[in-house]
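Derivation of every value follows stated rules applied to the coordinates shown; laboratory data play no part. All values reported here derive from a predicted model rather than from experimental measurement. Neighbour counts are summed over all protein chains in view; Cβ atoms, including those assigned to glycine, are modelled from backbone coordinates with ideal geometry.
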Amino acid sequence: MSSNEDLFKKVISHSKEYGFIFPSSEIYDGLSAVYDYGQLGVELKNNIKQYWWKAMVQMHENIVGIDTAIFMHPTVWKASGHVDAFNDPLIDNKDSKKRYRADVLIEDYIQKIEDKIQKEVDKAAKRFENFDEPMFRQTNGRVLEYQTRINEINKRFVETMSANDLIGMKELIDDLGIVCPVSGSRNWTEVRQFNLMFATQMGSTTDTTDIVYLRPETAQGIFVNFLNVQKTGRMKIPFGIAQTGKAFRNEIVARQFIFRMREFEQMEMQFFVRPGDEIKWFTHWKEERIKWHYSLGNEKKYRFHDHEKLAHYANAATDIEFEFPFGFKELEGIHSRTDFDLNAHQQFSGKKIQYFDPELNESYVPYVVETSIGLDRMFLAIISNSYKEEQLEDGTVRTVMNIPSFLSPYKVAVLPLVKKDGMSEKAYEILTDLQEDFNCQYDEKDTIGRRYRRQDAIGTPFCLTVDNQTMEDNTVTIRYRDTMKQDRIHVNDIHTTIKTLLKPQKI
C-alpha cells in the first residue's frame, strides 16, 4: 500500500472515530456514496461555508446572496440542457458485473502513465546528482516516450468526448487494453449514456402528478431569479448573486469517500457582466479565488487546470485543483458561461430577461462568470491536509489535526487540572464567559496529557488549563496545538488573546 493510500484510509477512519463524518444509515449497513456529518463535521462545514460567504458576499458591496428551492419547474432543466445533455458515459464489465464511467477509466489509465513519468524523473534526478550521464539519457528517453504516449491518448480522448462519440470511446478503451479493476478482464459492454438527474413526482394523485427533478446544481436557481434580484436590489452591472445549498446527482461511480457523492453541497457565485467584458472578469475571479484558497495555507497543494474541452455554454474555463491523497483533483471551477443560461431561460419561458445599461443607454442579455466550489470537497481537502502523525521526543506519536484555527470546530477547550479545590467551578466560569463568542468544549475526564491529545485529534487550537496557580493569581495556562508550547495569561486577557489568535490572514 502506498503512503498516500495509507494516509487516506487513516483520514477516513479518523473522521468517523472522532465524529466528523459517519456513513449514512449505518445501522442498516449504510447507503452507498451518502454520508452524514457528525457533531464536529457540521461545525467545520459551517465554518468553511461562513468563511466563503464572508469572502464572496460580505466583502463585496456588489454581490448579494439568495437561497432558492431544491424543486424547480421541470422546464428549467430543459432550458439549461440538463434533460438532454447531463449524462455520463457508462460501461459494464461482463465478468465482474461492475459499472464504470468510461471517461474515468481512460483518465485513470493516463494517470498511471503520469505516475510512471514522475518515477522516472525522480530516478533521473538522483542519477544526475551522481553524474551517471548514460543512465540519465536512457531515463530521459523513456520519459519522452511516455509523454508522447499521453499526448496521443489525450488527443483521441478529447476528440471522442467533444463529439460525444461513444463508439470511439469504447474503441479507445479496447486499444489501450484497459482491464476491469475487479475481474482483471477486458470483457466490456458498449458505452452508453446515463442521465444523472434524480426524478420524482409532485402532486397528490397519480393522474395529476408532474415529473420534477432534484436540482443537479444550484446555479439555475440564480439565473431564473436574475430579474427579481436585480430589480429589488437595484443592482448595477457588474454584480453577483451567490448561494450555497444541496445538489443531487445520481452518480453511478461514486467513490473516494466524500469527494464524489450523490447528495452534496455547493457554494456558487454567478457574476453578471457586459458582453465583451467576460474574459477580463474571468481572469479577475481566477486570481481572487486562488487567493482565498492560499489563505488556508499550503500553496503548493493547489494548481490551475485549464479546460481543453469546453462545456457547451462556456468560452473559457479553468479548475482549481487540490492535491488530495489520491492525486490532484478538481476543487473549484471558474467558467465564463457567456449569455447561454439567461438566453435559454428567456427563450423557454417567453419572458424578457435583459438588463438596461444606463451608461450605454441600451438593453442586453448579460454575460456570466461563474465560480463554483464543492463544500464537501473543500471539507475533504482541509481534513486530509490537516491530518498529521508526529513523532515526539519521548518516542510517542501524537495525532493532530492542524485545521486552520479560525475554521476549527472548537476554538477553545477549558480544562480543570483536577476536579477539586474549586478548579471545576472556576473552569465553568471561564467557559461561560467565552461561549458567547467562541465554540468551546469542557473536559475534566482523564489526565491532562490525555485531554490535550484528544483536543489535538479534533483540531482544537487552544487549551486553557485551570490549576492551583489559577486559584492564587487568576492566571491560566494556554497551550497551543501546533507547537504544544504553553504560556500563562490572566483570566481577564483570555478573550482578547483568543480573538487575536483566531484572526485569519487577509484575503
Debye intensity ratio I(q)/I(0), log10, segment 410-501, q values 0.15 Å⁻¹ (C-alpha model): -0.48
Cα long-axis angle, helix 375-386 against the chain (0 to 90 degrees, to the nearest 10): 50
Degrees separating the helix 423-434 axis from the principal Cα axis of the chain, which is the longest one: 40
Relative contact order computed over the chain (Cα-Cα under 8 Å; 6+ residues apart), in percent: 13
Separation between Cα centres of segment 472-507 and segment 291-315, rounded to whole Å: 36
Radius 15 Å from Cβ of Met235, net charge of other residues (Lys, Arg +1; Asp, Glu -1): +1
Per-residue Cβ neighbour rank within 10 angstrom, fewest leading, Ser25, Ser408: Ser25, Ser408
Neighbour net charge for Pro181 - beta-carbon separation under 15 angstrom, K R +1, D E -1: +3
Pairs of Cα atoms farther than 33 Å apart, the chain, %: 52
Sum of -39500 (n - 2.57) over DSSP H runs of 4+, divided by residues of the chain (222 nm, nearest 500): -12000 deg cm²/dmol
Cross-link table Lys49/Lys503; Lys45/Lys445; Lys9/Lys94; Lys78/Lys351, entries beyond 19 Å C-alpha to C-alpha: Lys45/Lys445; Lys9/Lys94
Environment charge at Ala219 (Cβ cut-off 10 Å; Lys +1, Arg +1, Asp -1, Glu -1): -2
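How high is the relative contact order of segment 14-110, in percent, with contacts defined as C-alpha pairs under 8 Å that are six or more residues apart? List each step's numbers first, then the result.
Values: 57 pairs, mean separation 12.3, N = 97.
13 percent.
Using r as the Cβ-Cβ distance of Thr189 and Gln147, and R0 as 35 Å, what FRET efficiency do you calculate, to the nearest 0.05? Mind showing how you got there, number by number?
On the way: r = 32 Å, r/R0 = 0.91.
Calculated transfer efficiency: 0.65.
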Nearest-ten-degree value, helix 278-294 long axis tilted from longest Cα axis of the chain: 30
log10 of Debye I(q)/I(0), alpha-carbon scatterers only, for segment 302-446 at 0.18, 0.19, 0.20 Å⁻¹: -1.11, -1.16, -1.20
Label point distance in nm, Gln347-Thr283, each placed 7 Å from Cα along Cα→Cβ: 3.1
